[in-house]
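Q: Below: one structure in structure tokens.
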Amino acid sequence: MEACCLHIVVSAKTPPLIGVSGGVGKLNKLREQKFVETPDGARKRFCGVYRKSQSKRSVDVVSPSLDFPTLVKNPSQEQYKLVGGRGVKADSNGAINIGLHNGNSSQEKREAKSSSKWRKRDSKSLSKRSSYGGCVPLMLEALDTVKDLDEALNPWETTLNNKERSIILKEQVNWKRALEIFNWFKEKGCYELNGIHYNIMFWILGKARRWDHVENLWSEMQAKGIAPTNITYGTLIDVYAKGGLKEEALLWLERMNKQGMEPDEVTMGIVIQTYKKSGEFEKAEQFFKKWSSGTAASGGGKTTDTSSVRQALSSYTYNTLIDTYGKAGQLHDASDTISRMLREGIAPTTVTFNTMIHICGNNGHLEEVESLMKMMEELQCPPDTRTYNILISLHAKHDNIDVAASYFSKMKENGLKPDDVTYRTLLYAFSIRHMVSEAEALISEMDKHDFKVDEYTQSALTRMFIEAGMLQKAWSWFERYHHAGKMSSECYSANMDAFGEHGHVLEGEKAFICCQERNNLSVLEFNVMIKAYGIGKKYDKACELFDTMEKHGVLPDKCSYNSLIQILSGADLPHLAKPYVRKMQEAGLILDCTYSVVISSFIKLGQLDMAEKQFEEMIEFGVKPDIYVYGILINAFADVGSVQKAMNYVNEMKNSGLPANPVIYSSLIKLYTKIGYLQEAEETYKLLRSSETNPEVLYSSNCMIDLYSEHGMVAQAEDIFEELKQRGSANEFSYAMMLCMYRRVGNVRKAIVIADRMRELELLTSKLSYNSVIELYASDGRLTETVETFWEMIKSNIQPDNSTFRSLGTVLVRCGVSNEAVNKLEVTRRNDAENGLQEWMKTLWSMVCVDESSWNSSCPYELNSFIM
């Protein structure tokens, strides 16, 4: 077997982890591999194919620009000739020369087709193929253009070596073609297929997610006694992990361990990446520590000598560890890893710093970001485009938009060219902050350098112009991309949504028509337009548009139905919503929440009979009500005091196996309070208290205070009230209930304390509370407090009613004013509300103030400014 070294590139974004080596694939060769950074900051491993010198045959590079004919070897084996076309022969050094040969054959037609395909091939791919040298480019082109393998590989059938077979397999882009070639090698029986070839096939088939073929090849490999290497297991772990089969990937690691095979550094990195991508950072760390200590392998097999692995890790491995620690939120460990790199003499790369900057920035440690930038400068590790992209993104995220913009300028000053990510990141940051002039300047720069605005940013800019009040500019911006003819359905929808959400229904309609002109209408556009009509309160148009969906070849989905039904129900039009509920049911798209929206709308309108009919229809169609549906019905009948119906729904809910929740408990307590069911209310209140704390507890507690007050159970009411005060949740209603209870039981002193506290805490906000406090003060003959509270009521723009003046009349009579005078004030107020109120105020203040100076000092406000 020829010694060779061939490396498989994992992907365009992920540094390669798989090495394929002749022989046992020694670790020192893996470490000697060179890395280059890709534009996105990842790194790729590149290693040229080893070109062994040969005395009999030259391996000069063959120009890929030459048209390739089908070749056959003549019996003398000294030259090649073209059957019916061009001739190809070897010179004295074995180099292949291709010459023109006249003729009109089917072979020439194939030549023309081959030539055309070759010219269209990507220049990068051509350069790569030509770098192989020798006959390899010709072999690959033959395989691309000639389907029959015997014909395609005939010129080289007897000379194919292991290296060439490896390259041929690796260069296949179609897994079926690769498998066909692999099987052809096997069928010929004259070719050695070793672990390298199987590793390549594992990678190709795994990338295509052909797990059945992978398993078959593994079984075949075992049957032939071909021992799997670190590379084999690393390849299998990697492809299964990237294929979303994490558990299966780790089973390959387990098989490896059972053989007593210690993962090398590359395989270790694959395993860590697998754990990291699945969010199992702790397991990734544990595996690395176990691997570092030399205990990662188990089983009875021979363990690989790992002393060299432990002495020096590659910068790629360190970068993987740093990224893993960062995603796990272990910033200290990530920093320690950089320190370890420096101690071991491994200089951090730009990728290392990019990773750390991203980690620190995402965790809000912007000071650390600045320190890392200084360290990059000290270590003469220049930032790249990705570095600046990360900095721009981080500062934009933390609302340091000026700093983000400054890094954009600095990037260009340092000779780096912004890429798509740079422009899009900054442009989006400008758009959401309504920085119109900055955004327009950046768009002009992008146009100059032929950078395209992505659809996500395009719709964000439309929204920016709309929210900045530049409606015409927004429409022009939309039209620019519409006329370009490359807008997707999602982009049209996003623009329509931007117009519709801000009430610009006409522009939304025009965008819808533009989408229709492109024959690009989908259910998404209809749903967005229905939503826009709802926001614009154009309910008839929403229904009309929905009804035309099928005419346009678009079937409504769940979102279509729910959106329209919610719009109509929210607009107090449940009768219009009902037919669409039936259509949704017939389409098999109905949800229990759909019915609940309509039922709630009927309840809001006080049409409980219609709500019940909708509930019955729901049951009839086999839709099981959830706890929310039962809750709104129980609460509705509790509000109107309909005990029997409310309890019927409670029992029905229990029979259906649905457990009550805090909302249900609160509704029941409200019902029990209205009808005076003390025992039932107490039991339900205990159940509520045993559930999680939520806002409903306050309302229910107030209900219990009211219920205890009605039953004269002062101590129990006080316990709940004190608990509410300790939690800081006692509100105006809590205090008002306690005030009424103390008045009811004749404890005026405590009632006065509550009233004073309410005024002190400024809890008087409703007419009912003011009237309760005024009535209390008046009944106790407290003229000053009565008048002051009344004055506070007027200043709060709360209109007094008959109950208010009744209490005021009581306090005046208790202070010596005759009933006739009080009646006269009332007659004046009823005939002329404004003058009557002023007369009441003058009379009240004349009773409080002993002279004019005290009147002026006590009543500094202009009364007229408070009269409605």
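Q: Taking the criterion of being free of Cβ contacts under 8 Å to residues at least 40 places away in the same chain, of a type in the set (A, V, I, L, M, F, W, C) and surrounded by 23 or more Cβ atoms within 10 Å (Cβ to Cβ), would at least one residue in the range 472-481 satisfy it?
A: yes
Q: Here is a further query. From V403, V369, V351, which residue is in contact with a His (Cβ under 6 Å, 6 or more places away or on another chain) and part of a helix (DSSP H, G or I)?
A: Only one candidate qualifies: V403.
Q: Select from the range 544-553 the residues that are over 18 Å from I590 (Cα atoms) and either surrounded by fewer than 17 Cβ atoms within 10 Å (Cβ to Cβ) or in contact with a Gly (Cβ under 9 Å, 6 or more places away or on another chain) (or both) and list them in ascending order.
A: Across the range 544-553, the qualifying residues are E544, T548, E550, K551, H552, G553.
Q: Note down all Cβ pairs under 6 Å where the first residue falls in the range 196-214 and is within 16 Å of K246 (Cβ to Cβ), the second is among the β-branched types (V, I, T), and they're at least six residues apart or on different chains.
A: G206/V214; G206/V239
Every residue, every condition in (1) part of a helix (DSSP H, G or I); (2) in contact (Cβ under 8 Å) with a residue 24 or more places away in the chain; (3) out of contact with any Asp or Glu (no Cβ under 6 Å at 6 or more places or on another chain); (4) among the hydrophobic types (A, V, I, L, M, F, W, C), yes or no:
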{"residue": "L776", "(1), (2), (3), (4)": "yes, yes, yes, yes"}
{"residue": "T784", "(1), (2), (3), (4)": "yes, yes, yes, no"}
{"residue": "E792", "(1), (2), (3), (4)": "yes, yes, yes, no"}
{"residue": "Q799", "(1), (2), (3), (4)": "no, yes, yes, no"}
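Q: Does V173 meet the test of being hydrophobic (A, V, I, L, M, F, W, C), at pLDDT 70 or above and surrounded by fewer than 19 Cβ atoms within 10 Å (Cβ to Cβ)?
A: Judged against the criteria, V173 is a match.
Q: Just to check your reading of the model, which residue among G244, G206, G225, G234 is over 46 Å from the mean Cα position of the chain (by Cα) and assigned by TED's automatic domain parsing to the domain that holds I270?
A: Sole residue among the options that is over 46 Å from the mean Cα position of the chain (by Cα) and assigned by TED's automatic domain parsing to the domain that holds I270: G225.
Q: Would you mind stating whether Y191 is surrounded by 13 or more Cβ atoms within 10 Å (Cβ to Cβ), at pLDDT below 90 and assigned by TED's automatic domain parsing to the domain that holds T235?
A: Spelling it out, Y191 is indeed surrounded by 13 or more Cβ atoms within 10 Å (Cβ to Cβ), at pLDDT below 90 and assigned by TED's automatic domain parsing to the domain that holds T235.
Q: If S278 passes every condition in (1) within 26 Å of the chain's Cα centre (by Cα); (2) at pLDDT 80 or above; (3) hydroxyl-bearing (S, T, Y) but one, which one does it miss?
A: (2)
Q: Mind checking whether some residue in the range 631-643 is farther than 29 Å from S690 by Cβ, surrounded by fewer than 16 Cβ atoms within 10 Å (Cβ to Cβ) and touching a helix residue (DSSP H, G or I) at 6+ places or on another chain (Cβ under 7 Å)?
A: no
Q: Could you please find all residues in the range 441-457 being farther than 19 Å from A405 by Cα and outside any helix (DSSP H, G or I)?
A: Within the range 441-457, D450, K452, D454 qualify.
Q: Now a separate question. Filter the range 799-820 for residues that are within 20 Å of Y735 (Cβ to Cβ) and buried (at least 19 other Cβ atoms within 10 Å of the Cβ) and give the result. It would help to see each step written out before you state the result.
A: The first filter runs over the range 799-820 and keeps only residues within 20 Å of Y735 (Cβ to Cβ), leaving 803-804, 807.
Result: T804, S807.
Q: Something else: On the given criteria, is K412 touching a Pro at 6+ places or on another chain (Cβ under 9 Å), assigned to a helix (DSSP H, G or I) and of a type outside the set (A, V, I, L, M, F, W, C)?
A: Considered against the rule, which asks whether it is touching a Pro at 6+ places or on another chain (Cβ under 9 Å), assigned to a helix (DSSP H, G or I) and of a type outside the set (A, V, I, L, M, F, W, C), K412 comes out as yes.
Okay, residues lined up against (1) within 24 Å of the chain's Cα centre (by Cα); (2) farther than 24 Å from I270 by Cα:
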residue	(1), (2)
N319	no, no
D323	yes, no
Q330	yes, no
E344	no, no
F353	no, no
H358	yes, no
N362	yes, yes
E368	no, yes
L372	no, yes
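Q: Out of the residues in the range 704-737 meeting the condition of being at pLDDT 90 or above, over 49 Å from the mean Cα position of the chain (by Cα) and in a helix (DSSP H, G or I), tell me which one is surrounded by the fewest Cβ atoms within 10 Å (Cβ to Cβ).
A: This residue is A715.
Q: Inspect the range 837-848 for any residue being of a type in the set (S, T, Y), at pLDDT below 85, exposed (fewer than 13 other Cβ atoms within 10 Å of the Cβ) and in the same structural domain as T786 (by TED's automatic domain parsing) and give the result as yes or no. Talk me through it step by step, then tell me what you get.
A: Our first condition is that a residue be of a type in the set (S, T, Y); within the range 837-848, this holds for 843, 846.
So of that shortlist, the ones also at pLDDT below 85 come out as 846.
Still in the list and also exposed (fewer than 13 other Cβ atoms within 10 Å of the Cβ): 846.
Still in the running and in the same structural domain as T786 (by TED's automatic domain parsing): 846.
Within the range 837-848, one or more residues are of a type in the set (S, T, Y), at pLDDT below 85, exposed (fewer than 13 other Cβ atoms within 10 Å of the Cβ) and in the same structural domain as T786 (by TED's automatic domain parsing).
Q: Also, quick follow-up: When you look at N651, is it surrounded by fewer than 21 Cβ atoms within 10 Å (Cβ to Cβ) and of a type in the set (S, T, N, Q), yes or no?
A: Values: surrounded by fewer than 21 Cβ atoms within 10 Å (Cβ to Cβ): yes; of a type in the set (S, T, N, Q): yes.
In short, yes.
The values are calculated or read from the model by the stated rules, or taken from the named source; none is laboratory data. Note that the coordinates shown come from a computational prediction; the quantities given were computed from them, not determined experimentally. Backbone-built Cβ (ideal geometry, glycine too); neighbour counts: all protein chains shown.
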